[in-house]
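Okay, so here's the structure we're looking at.
None of the figures in this text is laboratory data; all of them are computed from the coordinates on show. Bear in mind that the values here come from a model prediction, so they are computed numbers and not experimental data. Positions of Cβ are generated from backbone atoms using ideal geometry, with glycine treated the same way; all protein chains shown enter the neighbour counts.
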Amino acid sequence: MDYYIIYKPFGVHSQFQPVGEQLGLGSLHEFPKDVYPVGRLDADSEGLLLLTNDPRVNKKLLDPTFKHYRTYYVQVEGTVTQEAIDRLCKGVSIRIDGKDYRTAPAKARIIESPELPERNPPIRFRKTVPDSWLELSITEGKNRQVKKNDCCGWISNITISKMENRRFIHGKSGEWESNTDGKNGSL
């Protein structure tokens, strides 16, 4: 089995082929044909993705019955309050395909601005509008769920996925590492 961890850059889709003028993961490295991303990040998000041809890993990480947490760093315009954090931790209502949906409770906390790889375009900074960062962990993967959680202010175009392997957080966008010996524990 093959396992790759990649820091997906902003502006790149979580699929291998380009979409219109936006690049796909195939532009970053020539991955084996049977490898696929476990989950996805939108083109206007960046962060760590696991790619593999191991269906057991895909099931363990994405099947809702396992309740595996996915953690994101989220930049929000405005000041995040404890009330907003409490609401996220209880679950919030979002719209999906025109219907109201109640999210499962999340884990959330306010954090300092994290150290992240440089980004092109740079993360937005506005002198007249304060921003906040939060760490948000969810067990679901509804379409654009993180960005639809607007209970704490306007979530801007920066969502950063995080995994336990933090050494990639300080790497460069597009950086990747592989493990093809079948021992995926090292990634």
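Per-residue 3J(HN,Hα) values for segment 41-55, derived from phi via the Karplus relation 6.51 cos²θ - 1.76 cosθ + 1.60 with θ = phi - 60°, read 10, 4, 4, 8, 10, 9, x, 7, 10, 9, 10, 7, 10, 9, x Hz in sequence order (x marks Gly and Pro). Given K33/K99; K8/K127; K60/K107; K8/K90; K33/K107; K8/K59, which pairs have Cα atoms separated by over 26 Å? Long pairs (Cα-Cα over 26 Å): K33/K99; K8/K127; K8/K90; K33/K107. For segment 94-111, backbone phi angles converted through the Karplus equation (6.51, -1.76, 1.60; θ = phi - 60°) give residue-by-residue couplings of 10, 9, 10, 6, x, 10, 6, 9, 9, 6, 5, x, 10, 9, 8, 7, 7, 10 Hz, Gly and Pro being listed as x. Estimated at 0.36 nm per residue, the fully extended path between E77 and E21 surpasses their Cα-Cα distance by 17.3 nm.
To make sure I understand, if each residue's beta carbon is the centre and we count other beta carbons within 10 Å, what order do H68, H13 fall in, fewest to most? Don't skip to the end; give the middle numbers.
Numbers: H68 15, H13 21.
Starting with the residue having the fewest Cβ neighbours, the order is H68, H13.
Working from Cα pairs under 8 Å separated by at least six residues, relative contact order for segment 49-108 is 20 percent.
Note that segment 114-120 has calculated 3J(HN,Hα) couplings of x, 7, 10, x, 4, 10, 10 Hz, one per residue in order, obtained from phi through the Karplus relation 6.51 cos²θ - 1.76 cosθ + 1.60 (θ = phi - 60°); glycine and proline are x.
Starting from segment 1-71, pick out the trypsin sites (Lys or Arg not before Pro) whose DSSP state is loop and whose Cβ has at most 12 other Cβ atoms within 10 Å.
On the way: sites: K33, R40, R56, K59, K60, K67, R70; in loops: K33, R40, K67.
For trypsin sites (Lys or Arg not before Pro) across segment 1-71 that sit outside H, G, I, E and B with at most 12 neighbouring Cβ atoms in 10 Å, the list reads K33, K67.
Please give the FRET efficiency for R109 paired with E30, using the beta carbon to beta carbon distance and R0 = 30 Å, rounded to the nearest 0.05.
Values: r = 39 Å, r/R0 = 1.29.
Computed FRET efficiency for R109 and E30: 0.20.
For segment 28-123, applying the loop criterion from DSSP together with a ceiling of 12 other beta carbons within 10 Å to the GluC sites (Glu not before Pro) yields E30, E112, E115, E118.
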